[in-house]
1. Where does the range 601-680 land on Rg(C-alpha)/(2.2 N^0.38 Å)?
2. To check you understand DSSP bridge types, tell me what percent of the beta bridges within the range 601-680 (both residues inside) are antiparallel, rounded to 5.
3. Take residue 662 and residue 515, extend 7 Å from each Cα along the Cα→Cβ direction, and tell me the distance between the two endpoints in nm.
4. Give the Debye-formula value of log10 I(q)/I(0) at each listed q (0.05, 0.08, 0.09, 0.10 Å⁻¹), with one equal scatterer per alpha carbon of the chain, two decimals each.
5. Over what distance in Å are the Cα centres of the range 1-72 and the range 242-265 separated?
6. I want to check the label-to-label distance for residue 389 and residue 102. Put each point 7 Å from Cα in the C-beta direction and report it in nm to one decimal.
7. Ranked by Cβ crowding within 10 angstrom, fewest neighbours first, how are 296, 226 ordered?
8. What translational diffusion coefficient, in µm²/s and rounded to a whole number, does the Stokes-Einstein relation yield for the range 125-279 at 25 °C and a viscosity of 0.890 mPa s, taking the hydrodynamic radius as the Kirkwood radius over Cα pairs?
């Protein structure tokens, strides 16, 4: 552990939990900023840039091995200017230098290690480095001295290399050749997923396995659009396998970031807000598509975890929980049979251990990760007595586990990830008829409105310890608009739709590329870095461009605004070649594209109040209708201004009435709720 008696470095004045973790390192760390770059120029030193995040296991390892070490610190302090960056606060910086690392080494990850000129041009890149060489990695001390010597003897070459690398990344053309995307592209995306699907354990490829919820959202839409049962079967296999595995915390709930093995047994134990939001969204849609109670139960467990452990007193959502506690990865989550029996008694302990694979020899490094990999989920759902007994035991184990040292929680509040959780809670709230979930989503949005909007209306990216900072990025705007659209559908409060439109307009002004199309990662009013990236790849998170496309297509259908539709069409054209080359890597973009090319249903429910169309809403909310938009017309003048066509859609015979339009043609309005499901499919 870091010696807290050491005089803190400059990071002590930061708000980022990740930077504060390094504030007592002997390394003379600087935050990203002009002070560090001016020092590097004045002292003619290269910059050592280290990027990570607070719940990153290998970031902790590198800190313990290297950044807390006096020898490493002396090498860095004597010969470099060292900068620490929190990738979750500065995704712009991370995106640029991660692309450099991937271009140079063919891979990436965190901690991200970059050495660059004082002008920010990188000439060396890598990820984790131990202090001395091991695991096939060179040692950091050796590396630092080699590059120090090269800086003194071959500086011009290193500067030229850095400049060339920057130019090559900046000018990489991608595949923006305007390829036309359509049904055939969606077919190829499905075939790509199908070819890598693990029939035995679910998921795609081998270990490590990531949840990648947007793959599942695409498969569900492909199933609905094409009637392809294989797509639904794949989705269900993955959803059930992930829940049964140790990647799900069966004692305290919530999903870990990924599985280190192909069976979903052994997770990388950190829990991220965004994974749990997107997975809750996917399981909710699976419930709507199949009606299976198991999916609803899983979503409720995710929300129990988030609302209990990841929600601030003001109602906003924290970012992540660490994999480590007491310096050991996963220690908080592991069990031995004797400990279980001590907590709940011998009979219940043996019963629980037999069900959850907790055994004397362990299933993970001598201890056990509770899991249901060999269990029959149907039995657990259908046998209410069995489920109740197991849950009673689980609650006792949860209280016992709460006495352990908890993993560190990153309590910063990110606008983007809160937007995702707002979307998930709002969707879950209306699908399950839960006012609690909808209210939680509304409270979180109110927090953002109050604390993360600048006086001039500019959205901000991060809040922590009373301070909001950093101009929001594309993802912040796109994810929050998504959350607002789900909030509108859950509440039919026109203010949410108005705010979504306002933010979408601001997003176009701040991030839009009027010359080449698409949306930049950071705004025109933000710090201008060595390049201005546009991301469309849907990795651990769906890209800002993909989510923005989905939002724009929905907004255009809901409002009839053809200008929004035109912007969406141009965005599709901009990234057509890149997406078309390998559509499997852009599955959220493909979900948005399918919304654009499928026959959509625009539904307007006209009534005096929401209560009057309760039966109709029940039919809609319990159905999987991914290509539909819903408006509630109660004579609201604000709605009539946003969607002028609703003025003419009055009640038939003074009864609550549903207007359904398909492919720009309207069907006969209906007043019977039972008629709706057939019109929506």
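1. Details: Rg = 11.6 Å, N = 80, 2.2 N^0.38 = 11.6 Å.
Its radius of gyration relative to the 2.2 N^0.38 Å reference: 1.00.
2. On the way: 10 of 16 bridges.
Given both bridge residues lie in the range 601-680, the antiparallel proportion sits at roughly 60 percent.
3. 4.6 nm
4. Listed by q, the Debye log ratios stand at -0.25, -0.64, -0.81, -1.00.
5. Centre-to-centre distance over Cα atoms comes out at 32 Å.
6. Result: 5.0 nm between the two label points.
7. On the way: 296 19, 226 16.
By the 10 Å Cβ count, ascending, the order reads 226, 296.
8. Values: Rh = 19.5 Å.
Once the numbers are plugged in, D ends up at 126 µm²/s.
Read the figures in this text as sums done on the coordinates, not as results from a lab. All of these numbers come straight from a predicted model, not from anything done at the bench. All Cβ positions, glycine included, derive from the backbone under ideal geometry; neighbour counts span all protein chains shown.
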